[in-house]
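Beneath this line is the structure, given in structure tokens, with notes to follow.
The values are calculated or read from the model by the stated rules, or taken from the named source; none is laboratory data. This one's a predicted model, so the numbers in the text were calculated from it and none came from an experiment. All Cβ positions, glycine included, derive from the backbone under ideal geometry; neighbour counts span all protein chains shown.
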Amino acid sequence: MNTDFQKIIEFRRSNRSFDPTVVVPKEVIQVSLERAILSPNSSNMQLWEFYWIESKEALAEMVPLCLGQGAAATAKQMVVFVTRKDKWRMRANWNVDRIKETIKGEPNAQQKNAIKYYAKLMPLIYSNDPFGLMTLLRKSISFFMGLRKPFVRSGGIALQRISVHKSCALAAQTFMLSIAAEGFHTCPMEGFDAKRVKHALHLPSGAEINMIVAVGLGTEAGVWGKRNRVPFEEVVFKR
């Protein structure tokens, strides 16, 4: 068992009060965001953006938007994790361009299939229209294909949102583990006014706030007791 990683997992706690005298170096946030970008995500679409809040003015603006909670009020840095489902076409084209860069001469079968995947399947998965016709098409394909074999059950906007939020949350977790590895603490916050946060960051309507992560050197008062977890046997099932 890797004891180094075990120590990082045990060190990471949601800390709600950070030491006001300790500065979090910019390099710690920088490398942690670089690591977050390496996180697994659906089809490598990377439908996320990370907004690094570091100036005193920007941090102060975020405090009331996070409902004045202690983690926000004492944070030395913050990162707002944002989903960008609306950028699916741009990201699909970006992936096609990356594939084409690897082609020397005639594309092989794998390269052709990969290009087709992003050029044809991604529009089918992410396209929407005012009348819900694409949703009906996805549900119909899933239903009839699923009669014969296991098949991804595609549907409407709700499932699209779930997919991009899962990927963004994976990036946030990578970020928090990286911060812990560097000896600092985080608190992922869901208590915020999403509408006002979007306005403060000048985000378009298609963007959504996944979570806001406060960063600092945690204090003893910021940890609210023992970390209790439901027993292993109640949540893990072997088949």
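Brief remarks on what is shown
- Segment 205-239: number of residues that are assigned to a helix (DSSP H, G or I) and of a type outside the set (D, E, K, R): 4
- Residue list for segment 224-239, restricted to those being free of Cβ contacts under 8 Å to residues at least 12 places away in the same chain and among the aromatic types (F, W, Y): F232, F237
- Number of residues in segment 114-144 that are part of a loop (DSSP other than H, G, I, E, B) and of a type outside the set (S, T, Y): the value is 5.
- Subset of segment 171-190 [under 17 Å from I209 (Cβ atoms) and in contact with a helix residue (DSSP H, G or I) (Cβ under 9 Å, 6 or more places away or on another chain)]: A171, A172, Q173, F175, M176, T186, C187, P188, M189
- Any hit, segment 188-207, residues being modelled with pLDDT of 95 or more, under 19 Å from S17 (Cβ atoms) and small (G, A, S): yes
- Checking H202 against (1) within 19 Å of I53 (Cα to Cα); (2) in a helix (DSSP H, G or I), the condition it does not meet: (2)
- In segment 179-204, the qualifying residues are those that are touching a residue at least 40 places away in the same chain (Cβ under 8 Å) and over 30 Å from K7 (Cβ atoms), and the one that is surrounded by the fewest Cβ atoms within 10 Å (Cβ to Cβ) is P204.
Okay, residues lined up against (1) touching a helix residue (DSSP H, G or I) at 6+ places or on another chain (Cβ under 6 Å); (2) within 19 Å of C168 (Cβ to Cβ); (3) modelled with pLDDT of 95 or more; (4) not small (G, A, S):
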site	(1), (2), (3), (4)
F5	no, no, yes, yes
F18	yes, no, yes, yes
E27	no, no, yes, yes
E34	no, yes, yes, yes
S55	no, no, yes, no
L67	no, no, yes, yes
G70	no, no, yes, no
